[in-house]
Structure formats: C-alpha cells, structure tokens
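A.B. asks: Input: one structure, supplied below.
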Amino acid sequence: MSLDVRPIAESELPDWVRAVHTGFLTRHRVTEADIAQRAKYCDFSRMQGAFDPDNGRCVAALRSFPQELTVPGGAAVRATAISNVSVLPTHRRQGLLTRMMAAEFAAAEARGDALATLIAAEYPIYGRYGFGPAASLVEWEIDVARTGLDRRLSAPVDGGRIDLVDVKELRRVGPELHERLRAQTPGAVNRDERWWSLATGLEQWSYHPYEDKFYAVYRTAEGEVAGLAVYSADDHWTDAKVPQSTVQVKDLLAVTPQAERALWQFLCSIDWVLKVRTGYRAPDDLAPQMLPDPRSARVVSAVDFMWVRVLDVVRALGARTYEVPGVLVLEVTDETGPAAGRYRLDAGTGACERTEEAADLRLDVAALGSLYLGDASAVRLAALGQVTEERPGAAALADAVFRTARRPWCPDIF
C-alpha cells in the first residue's frame, strides 16, 4: 500500500519530531513541554509527514518556513527555507523525499517564492531536486601565541570600545546590527524573533540546553554599535595546573573592518586562552589577514554550506545586480520544478524575461543555483560538464556578470 504523504495535524507533532530525531540519529528525550513550546511556532500546513499505513507512524518528515535571502545588490528575496528533512532507514528508496519535495515546490510556487534554500547534510542528495551549492564556509583555529598580536592590548586602537554585556543587552542591540550586516552580505538570511529568543537562551528546550556564553559588543568612538561576538570557552588545564583554554566563537557580526579587527584582537587577548576557533566564516573572511602572521590561523573546515534552488528564474535573476553589463541567453533545464525555459538576462538593466532567442549557455537549474549568489564560476562548471557553452566566450561573460567582489556568506544554520 502506498504511504500517505501530507501535512501533519497538531496531534501528530510528537510522532513527527520522533521521526526527525530518528533520521538524524539523535535520541534526545522530548518532553510534553518541548512539544507545547514547538507547537507555538509551528505552521502545520508547511510540515509534511509520510505515514506507514500498517501502523500509522510517521516515517519521513520535511518542514519549510518563510525566509528572506540577501542577494548581490542588497535586495531581500523571498525564499522557502527547507529543514528537518528525514526519512527513516526502514523506508528509504521509496520515493518519499521526492514526493515531499514536489509538494513543497508546488506550494512555494503558489506562494510566489522565487527561491528555495537548505543546508545540505549530505552532498549527493539535493542536486537531484535542483539545488546547487551557492555559499560555502571556512572555520579557522587561531594559535594565539603565533599571531604576532600584542596580547597586552585588548582595547580597540581606533577610539572605539568593547563592552561585555548581559543577554538582555545583546537581545536589545543584536537584531538591528544583524539587519545592517544582512543588507550588505549576499547569502545572509533574516533572523526572526524566535531565532533571537533561542540564541539568547530566553527560550530553551530540554534537548537543546542553553550553554553559558559571553557577549562582547564593539561600539565606535561615537557610541554606535558596529559589532558583536558571542563566544564560549572550555576549562582545560595541564597536570602542572597551567590553563590552556580554547575560545569557540558562536557568532561574530561586524559591519565595518574596524569592528571586525577590534573583536578578533579582543578574543585573542583573553587570559588563559591559547587557541581561538573562529566559527563558520565566509571563505574570504578577513580574519586571517588581519593577524600579523596569517599562518597562525589554521583551516579546520572548508565545505559547501547553503544550497539554492531557483523556482522563478525571471524574479530571481531580476532581483539581483550584476558586476558588468552584458546580455546572456540561458537555456535552463529543470526536471523536478518550474524553472525550465529560455531566458534573456540583460545585466546592464537587470531585466530578465523569457525568450525564443538562441541560447548562449545551457545549464541545469542546480548549476544556476550555484551561480546565483556569485560564488561559482561558469567557466569552471563548463569544464566539469555542468554548463554547455553554445556561443564562444559566453561562460567567461557569465563569470564577469554573475561573480561578486566578495564571496557570499550565510552565517546561520537552519
């Protein structure tokens, strides 16, 4: 008998959560209080489940929620963010994810969402559904002793100041600062009230305990908040009772290079700290080169992160700006969604429309997703067989048009 794939009812939320935890190989205890709190934020029309007719249990799950994605030029584009994707090991290879994705794409198209986004736990899965890796990340571990920084200096040298604040102050200044950063950072997404409540520990779940953190805020000489850092530290001592702590940066937002430099200087000046883990940063982040010895920052992770799926090509391409003028005709194939067609992009005006003109480039919608935020190279994708050049020089023109001076960065897991 075919499994039933549909939006869940509120009464099915505990079983749906169990399916998510099982699929992600976690065994966290979910209390009635957890379920009640989660239910406050749930849009059950956007929470799909697949149900086994033999026992009625949820065996697959998918959730989406509204999101705003900053694109090159600073516009915020409506997207459907996909999360909590899980299929139990007993029900794999039965087409359940394909059915849930198809339902989500149809709903997103009806809502008028131009894009879909997700964080891919496994690389091979989501290309089948038209997603392409669009923003990557790097994490560094800084060996403080090798940086060449004067650890006696923790105060900014530009006349600003850094204050350690409590969670209420962070909650007050953080959202406005993040909005300023988001407006200038392609790949960044919005943070809603629930995000800030969970991040600052004002709301907690039993299986997601609130960890002790420290909050540092950078203010300019004029008193304007221009950066913040959220960090924790371990409690490691040698047998000789020598402290050798590592700071783990949870969040670092800075809207100016001065604020960023001041925050890294501060973190590297904390007593007892030998190493600083930067957390997930943009692949071209300034942090290593801000140190007198950049080699003191060792790469510990460099991976793809946010994936983008274009649903409405005209609206998506028309929303962003481009580095140089030029006209490209793109032939887009899309086996699992609505993006298929031929499109004329005028990068000088930003206009995009369907056309019958001959194609300059042929590409799958997943490759278009990789190009969309400016991180991927059309020339490189052509060498990999993911883009076909129909007019000589079209891939190079696409690189000049799509790529951006700074690489996109998504600071948030969702």
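A.B. asks: Among what's in the range 12-40 and is under 26 Å from the mean Cα position of the chain (by Cα) and charged (D, E, K, R), pick the residue that is modelled with the highest pLDDT.
C.D. replies: Applying the filter and picking the extreme gives 18.
A.B. asks: When you go through (1) modelled with pLDDT of 95 or more; (2) part of a loop (DSSP other than H, G, I, E, B); (3) surrounded by fewer than 21 Cβ atoms within 10 Å (Cβ to Cβ) one by one for residue 322, which number turns out not to apply?
C.D. replies: That leaves (3) as the condition not met.
A.B. asks: Related question: Given 89, 66, 72, which one is of a type outside the set (Lys, Arg) and at pLDDT below 95?
C.D. replies: Working: 66 fails: at pLDDT below 95; 72 fails: at pLDDT below 95.
Within the list 89, 66, 72, the selection yields 89.
A.B. asks: Working only within the range 297-320, note down all residues that are closer than 30 Å to residue 265 by Cβ and of a type in the set (Gly, Ala, Ser).
C.D. replies: Scanning the range 297-320 gives 297, 301, 302.
A.B. asks: When the residues of the range 16-53 are filtered to those that are touching a residue at least 24 places away in the same chain (Cβ under 8 Å) and among the acidic types (Asp, Glu), which remaining residue is surrounded by the fewest Cβ atoms within 10 Å (Cβ to Cβ)?
C.D. replies: Across the range 16-53, the extreme among qualifying residues is 52.
A.B. asks: Could you give every pair whose Cβ atoms fall below 7 Å, whose first residue belongs to the range 396-407 and is closer than 9 Å to residue 378 by Cβ, and whose second residue is open to solvent by 40 Å² or more (accessible area, probe 1.4 Å) and part of a helix (DSSP H, G or I), counting only separations of at least 6 or pairs across chains?
C.D. replies: These pairs meet every condition: 396/379; 399/379.
A.B. asks: Still on this model: For the range 256-276, name all the residues that are surrounded by fewer than 20 Cβ atoms within 10 Å (Cβ to Cβ) and either of a type outside the set (Lys, Arg) or within 24 Å of the chain's Cα centre (by Cα) (or both).
C.D. replies: The answer is 256, 257, 258, 269, 270, 271, 272, 274.
A.B. asks: If residue 337 satisfies all but one of (1) surrounded by fewer than 23 Cβ atoms within 10 Å (Cβ to Cβ); (2) touching a Leu at 6+ places or on another chain (Cβ under 7 Å); (3) part of a loop (DSSP other than H, G, I, E, B); (4) at pLDDT 95 or above, what's the number of the condition it fails?
C.D. replies: (4)
A.B. asks: Is it the case that the range 376-388 has a residue that's outside any helix (DSSP H, G or I) and more than 26 Å from the chain's Cα centre (by Cα)?
C.D. replies: Yes, some residue in the range 376-388 is outside any helix (DSSP H, G or I) and more than 26 Å from the chain's Cα centre (by Cα).
A.B. asks: Residues in the range 363-380 that are more than 18 Å from residue 129 (Cα to Cα) and either in contact with a Lys or Arg (Cβ under 8 Å, 6 or more places away or on another chain) or surrounded by 19 or more Cβ atoms within 10 Å (Cβ to Cβ) (or both): how many?
C.D. replies: Of the residues in that region, 6 qualify.
A.B. asks: Let me ask something else about it. Given (1) part of a strand (DSSP E or B); (2) among the aliphatic types (A, V, I, L, M); (3) open to solvent by 20 Å² or more (accessible area, probe 1.4 Å), where does residue 249 come up short, assuming only one miss?
C.D. replies: The number of the failed condition is (3).
A.B. asks: Oh, and also: When the residues of the range 363-395 are filtered to those that are touching a strand residue (DSSP E or B) at 6+ places or on another chain (Cβ under 8 Å) and without any contact (Cβ under 8 Å) to a residue 24 or more places away in the chain, which remaining residue is nearest to residue 71 (Cα to Cα)?
C.D. replies: 381
A.B. asks: Still on this structure, I have one more. Give the residue that is farthest from residue 305 (Cα to Cα), with candidates limited to residues of the range 222-270 that are at pLDDT 95 or above and acidic (Asp, Glu).
C.D. replies: Applying the filter and picking the extreme gives 222.
The values are calculated or read from the model by the stated rules, or taken from the named source; none is laboratory data. Fair warning: this is a prediction, and the values are worked out from it, not measured in the lab. Backbone-built Cβ (ideal geometry, glycine too); neighbour counts: all protein chains shown. Side chains are part of the model used for accessible areas, which takes the heavy atoms of the whole protein and leaves out ligands, DNA and RNA. Shrake-Rupley method; radii C 1.70, N 1.55, O 1.52, S 1.80 Å.
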